[in-house]
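This report concerns only the one structure given below.
The values are calculated or read from the model by the stated rules, or taken from the named source; none is laboratory data. Predicted, not measured: the structure shown is a model, and the values here were computed from it. Neighbour counts are summed over all protein chains in view; Cβ atoms, including those assigned to glycine, are modelled from backbone coordinates with ideal geometry. We work out accessible area using only protein heavy atoms, side chains counted, and drop any ligands, DNA or RNA first. Shrake-Rupley method; radii C 1.70, N 1.55, O 1.52, S 1.80 Å.
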Amino acid sequence: MVKAALNAFNVPDLRRKILFTLGLLVVFRIAAHVPVPGVNTGALQSALNQNNLLQMLNILSGGSLQTFSIVAMGVYPYITSSIVMQLLVPIVPRLEELSKEGEYGRNKINQYTRILTVPLALIQGYGQMLALNNLTTTKVFSNFGLFSAHTLFPTLTVLISLAAGTVFAMWLGELITENGIGNGISLIIFAGIVARLPTILSQQVQAGNIAFLIFLAVVAAIVIFTIVFMSEGQRRIPVQYAKRIRGNRMYQGQSTHIPLRVNSAGMIPLIFALSIVVLPGTVSTYFYAAQQSWLRNFAHLVNATFTSTNWVYWFIYFWLVIGFTYFYTAVTFQQQNLPETLQRNGGFIPGHRPGKMTERYLNTVLTRITVAGALFLAIVAVFPYFITLGTGITTLTFSSTAILIVVGVAIDTMKQLEAQLMMRQYEGFINR
């Protein structure tokens, strides 16, 4: 691996891509320390410690939410916009037509995704400000509100700053994707998570939890190995192409395969499920100051039920992850339209007639292998609960989403570097 890394830096254009990627990541980390004016940092820290959704957003923003910088929302609105567009493509006929028009259609859909990111960033920014002000007795934003002349300008200033920060982070991510190495959006999240590790580990060392850190390192190694094993797991469906005649030339038939991944949904089901399971607890905080006593008591009951220390929270989370894994896998597989593509190119699966029979067979196989992928994601999702239950230590947030992001981005980036090196006939990182 050391030799492969030296080979990567010895290639001029590859070295330029790596340095360009690292440079833009440094720019993003600098922006993560530029705070938005008018924030009560003490009240902000208190709110983050009490809310699981804000903790998840803090992870996806690379830790910049805890300082409420201009990139406090990171690329999360862009991720939300991308997911919304993916779900709308099979529903909206015009978008479905664009998805079949090659590069032009993909560029148009990407443009719509960027445009949708701006209103989503404004809505999410306002929702975060509202939630933060309701989660603590001390207001995080002293001048907050859109319906008062005294608070309108300060609130709009913060919202525009947050939306601009999201667009800036999205722009950096796309620059990395086009001119650097790896997926830029994923690398920005990856860099934020990794940047927080030294601070978290130093806090545990100061607290004297050395034995727990050693145990956690062993567990993390096992979890990472399992994630890599399941992420790379696939079922290969054999495909045969018939002989074809084009003009005066005959093309011989060939055999290949369709790789159906065991976990083709990635981390998206975790994000969906976590957003749903923390929603009741977040909404309940809005009714803490209600005049009716029964409403206040019900709000406290809901908040106590949907908290990370309650087994009900993790039970619901487990089944939501399984449900969303099947849902997202079905949506993405339908968009690929493999049976029609095979039939159009003269391919077929041995033993199954083209068309409906092929589609039925592929759906059956996908449903069966997704059982393993869904259970894997669900177990990884609830794993932090059992770690906390077994050790009794709650000061270290063991995020399964963060681990999946880190491992997934690392594998994807190494594969891209591997491909670049193999093109130049160098020994790669993986294939040794």
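Could you tell me whether segment 84-237 comes out rounded, prolate or oblate from its Cα gyration tensor? Rule is a ≥ b ≥ c as square roots of the eigenvalues, rounded for a/c under 1.5, then prolate if a/b exceeds b/c, otherwise oblate. Oblate.
Let a ≥ b ≥ c be the square roots of the eigenvalues of the Cα gyration tensor of segment 58-175; is it rounded (a/c under 1.5), or, if not, prolate (a/b larger than b/c) or oblate? The shape class here is prolate.
Based on protein heavy atoms only, the chain ends up with 53 Å² per residue of surface accessible to a 1.4 Å probe. Per-residue ellipticity at 222 nm from helix content only, as computed over the chain with -39500 (n - 2.57) for each DSSP H run of at least four residues, stands at -23500 deg cm²/dmol. Label point of Ile379 set 7 angstrom out along Cα-Cβ; within segment 252-295, no amide nitrogen lies under 11 Å from it. Measure nothing fancy, just the Cα-based angle from helix 210-232's long axis to the longest principal axis of the chain, in degrees from 0 to 90, nearest 10. On a 0 to 90 degree scale, this one is about 30. Note on Leu146/Phe386: beta-carbon distance plugged into 1/(1 + (r/R0)^6) with R0 of 35 Å gives a FRET efficiency of 0.20.
For the chain, a crude dipole built from +1 on the beta carbon of Lys and Arg and -1 on the beta carbon of Asp and Glu, taken about the Cα centre, is about 1120 debye to the nearest 20.
Rounded to the nearest 0.05, the FRET efficiency derived from the C-beta distance between Gln334 and Glu178 at R0 = 35 Å is 0.75.
Computed from Cα atoms, the angle from the helix 268-277 axis to the main principal axis of the chain rounds to 30 degrees. Listed by chain and number, the aspartates and glutamates whose alpha-carbon sits under 15 Å from that of Lys356, ignoring those within fewer than 8 places in the same chain, are Glu340.
Distance between the modelled labels on Lys356 and Thr256, one decimal in nanometres: 2.8 nm (7 Å Cα→Cβ projection). With both labels modelled 7 Å from their Cα along Cα-to-Cβ, the Ile411 to Thr138 distance reads 4.4 nm. What a 1.4 Å probe finds exposed on the chain is 64% carbon and sulfur by accessible area, rounded to a whole percent. Applying 1/(1 + (r/R0)^6) with R0 = 51 Å to the Cβ-Cβ distance of Ile222 and Gln343 gives a FRET efficiency near 0.70. Taking Cα atoms only, the orientation of helix 12-31 departs from the longest principal axis of the chain by about 20 degrees.
Between the residues Asn310, Asn297, Phe272, the greatest Cα displacement towards the positive end of the dipole of the chain, with unit charges on the Cβ of Lys, Arg, Asp and Glu, is found for Phe272.
Relative contact order for the chain: 17 percent, from Cα pairs under 8 Å spaced at least 6 residues apart, divided by residue count. Note on the chain: Rg/Rh from C-alpha atoms, Kirkwood Rh, equals 1.00. Listed by chain and number, the aspartates and glutamates placed with their C-alpha closer than 18 angstrom to that of Lys17 are Glu174, Glu178, Asp412, Glu418; residues fewer than eight positions away on the same chain are left out.
Annotation note: chymotrypsin sites (Phe, Trp or Tyr not before Pro) in segment 117-205 located in DSSP loop regions with a Cβ neighbour count of at most 14 within 10 Å are Phe147. In straight-distance terms, cross-link reach from Lys139 covers every one of the aspartates and glutamates whose alpha-carbon lies under 12 Å from its own, apart from those fewer than eight places away in the same chain; here that gives an empty set.
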